[in-house]
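The values are calculated or read from the model by the stated rules, or taken from the named source; none is laboratory data. As the structure is a prediction and not an experimental result, all values here were calculated from the model. Methodologically, a virtual Cβ is constructed for each residue, glycine included, from the backbone with ideal geometry; neighbour enumeration extends over all protein chains shown.
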Amino acid sequence: MEQPIENIELSYLTLEDFEALKEANIQSYGAMPNSYWKIEEIDRLLQLFPEGQVIIKVDGNIAGCALSVIVDYDAIEDQHTYDDITADPDFKIHDTKGDVLYGIDVFIHPDYRGLRLGRRLYDYRKELCEQLNLKGIVFGGRMPNYHKYSDQYSPKQYIEKVRQKEIEDPVLNFQLSNDFHPVRILKDYLEGDKASEEFAVLMEWDNIYYTKPTKKPASVKSVVRLGLIQWQMRPYESLESLLHQAEYFIDSVAGYRSDFALFPEFFNAPLMASFNHLSEPEAIRKLASFTEEIKQRLSQLSISYNINIITGSMPEVVDEKLYNVGYLCRRDGSVERYEKIHVTPDEAKVWGMQQGSELKTFETDCGKIGILICYDSEFPELSRLLSEEGMDILFVPFLTDTQNGFSRVKLCAQARAIENECYVAIAGSVGNLPNVHNMDIQYAQSAVFTPCDFAFPSNGIKAEATPNTEMILVADVDLDLLRELHNFGAVRNLKDRRDDFYVVKRV
């Protein structure tokens with residue numbers, strides 16, 4: 001373009017645009033047979049699906065166009081042709097109850113190429129797909145340079161060469177750079193397309209925001225509010241006193257409409273003061289006698305305050321063996337158990353704590369979550385297994401006595417957020433328990449960590465509590481940002497893993 005551009009406008013196509021559209025259509029496809037749309041076809045498309053037909057005008061001239069219909073993906077034959085989609089002038093294939101947007105044409109006038117107008121058209125289609133809650137976009141993509149290499153490569157090999165940047169194909173390169181991926185080769189797709197030797201590639205773009213329609217009432221949360229309880233260790237006269245304090249904090253975070261309340265590891269340790277005359281292994285087993293009642297009471301509170309409660313951790317005796325466990329008390333009344341997989345040398349030596357063996361993600365009304373108790377967060381394999389099950393938020397209740405120990409938990413939690421592209425929430429205890437053996441002082445700074453990408457804080461810290469101060473920390477996390485990160489992040493730690501080179505698996 002020699003003249004400076006004054007205006008670029010994307011608008012819906014109208015019948016008044018037809019003659020200019022026809023001319024731009026012919027200029028774009030030139031030698032292609034039947035290279036322009038008929039006015040009856042455009043009229044029918046506008047009647048059926050007006051928002052699917054758009055044009056781009058540059059200084060009032062039509063520079064590009066995108067036409068589309070909605071189809072039922074399962075109704076499309078694996079080996080279909082362009083005529084199967086477009087030959088019927090009534091476009092009966094258009095289905096308002098379909099689940100994918102089928103692109104039937106995109107073109108840019110030769111005089112306006114190089115302005116990235118095609119990207120604008122594709123971006124509009126993606127936004128439309130999201131607005132209509134469709135699974136994605138599909139279309140048959142041409143391979144205009146394939147005729148130059150057909151004597152050397154099959155269509156599949158050609159696509160791989162284009163993907164590896166060994167062959168230049170203007171159409172395929174553009175589609176791949178716009179997040180479309182090849183699904184299958186379509187033979188005899190477009191009659192007369194000699195450049196592609198009548199081959200095409202079924203290209204697909206997935207709508208990461210798609211939600212399957214349901215007739216059941218459901219609340220799908222995108223923004224989840226986390227309530228972290230930075231608990232102070234202090235003497236309590238009884239279990240009732242401790243539960244009264246716990247309810248106070250639950251009431252506080254629920255008052256801010258939090259979806260989760262996270263307690264620290266061994267937050268009930270002050271109750272061991274009554275057993276300080278016993279040995280450490282005997283005292284903690286006495287503490288374990290409170291676990292069942294605490295679980296039941298917190299489950300009742302989760303219902304009455306309408307909040308999911310993660311109980312931190314508590315000692316529990318099973319078949320005479322001592323474990324470090326916790327419970328997810330959902331606000332619907334259901335309860336699930338989790339275990340500490342790796343016990344610290346001190347837990348094993350002083351208390352005789354046994355290693356757990358159960359690791360799983362938990363379905364909640366706010367997405368899929370994982371829970372790792374303190375030391376477990378320092379082993380990346382565990383969170384990797386959870387991320388492969390679709391974990392969005394990792395909760396880490398912890399207990400650390402020194403800044404060294406806290407730094408290990410904090411830094412490892414931040415690493416888990418980056419490598420698994422998830423949120424990580426950590427909550428610990430502060431203060432001291434002079435009347436409880438093997439508890440000493442506590443050091444903590446509860447926090448919520450994020451991946452480090454443009455949609456998140458640059459340092460990966462969403463929110464932090466004041467160190468060594470009893471308080472709550474409330475923070476919102478947006479699960480949709482994780483979906484975008486998984487697919488469009490500056491780096492994609494989940495997608496780019498070398499599963500052909502290494503794997504993490506359960507034994």
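Worth a mention:
- Complete set of residues in segment 319-368 that are in contact (Cβ under 8 Å) with a residue 40 or more places away in the chain, surrounded by fewer than 15 Cβ atoms within 10 Å (Cβ to Cβ) and either outside the structural domain of R257 (by TED's automatic domain parsing) or under 25 Å from D476 (Cβ atoms) (or both): D365
- Residues of segment 98-125 satisfying the condition of being modelled with pLDDT under 95, outside any loop (DSSP other than H, G, I, E, B) and basic (K, R): R119, R120
- Residue within segment 373-382 that is buried (at least 22 other Cβ atoms within 10 Å of the Cβ), out of contact with any Ser or Thr (no Cβ under 8 Å at 6 or more places or on another chain) and polar (S, T, N, Q) present: no
- The single condition among (1) in contact (Cβ under 8 Å) with a residue 60 or more places away in the chain; (2) over 30 Å from A273 (Cβ atoms); (3) surrounded by 14 or more Cβ atoms within 10 Å (Cβ to Cβ) that G460 does not satisfy is (1).
- Test: residue in segment 238-249 that is under 30 Å from L433 (Cα atoms) and in a loop (DSSP other than H, G, I, E, B): yes
- A single entry from E204, E197, E160 fulfils the requirement of being part of a helix (DSSP H, G or I) and either out of contact with any Cys (no Cβ under 7 Å at 6 or more places or on another chain) or under 23 Å from L121 (Cα atoms) (or both): E160.
- Condition check for N438: of a type in the set (S, T, N, Q), surrounded by 14 or more Cβ atoms within 10 Å (Cβ to Cβ), part of a loop (DSSP other than H, G, I, E, B) and touching a residue at least 60 places away in the same chain (Cβ under 8 Å): yes
- Test: residue in segment 37-44 that is of a type outside the set (K, R), under 21 Å from F174 (Cα atoms) and touching a strand residue (DSSP E or B) at 6+ places or on another chain (Cβ under 8 Å): no
- Q53, sole failed condition from (1) of a type outside the set (A, V, I, L, M); (2) at pLDDT below 95; (3) buried (at least 16 other Cβ atoms within 10 Å of the Cβ): (2)
- Applying the criterion of being in contact with a helix residue (DSSP H, G or I) (Cβ under 7 Å, 6 or more places away or on another chain) and at pLDDT below 95 to the residues of segment 284-306, the residue that is surrounded by the most Cβ atoms within 10 Å (Cβ to Cβ) is Y305.
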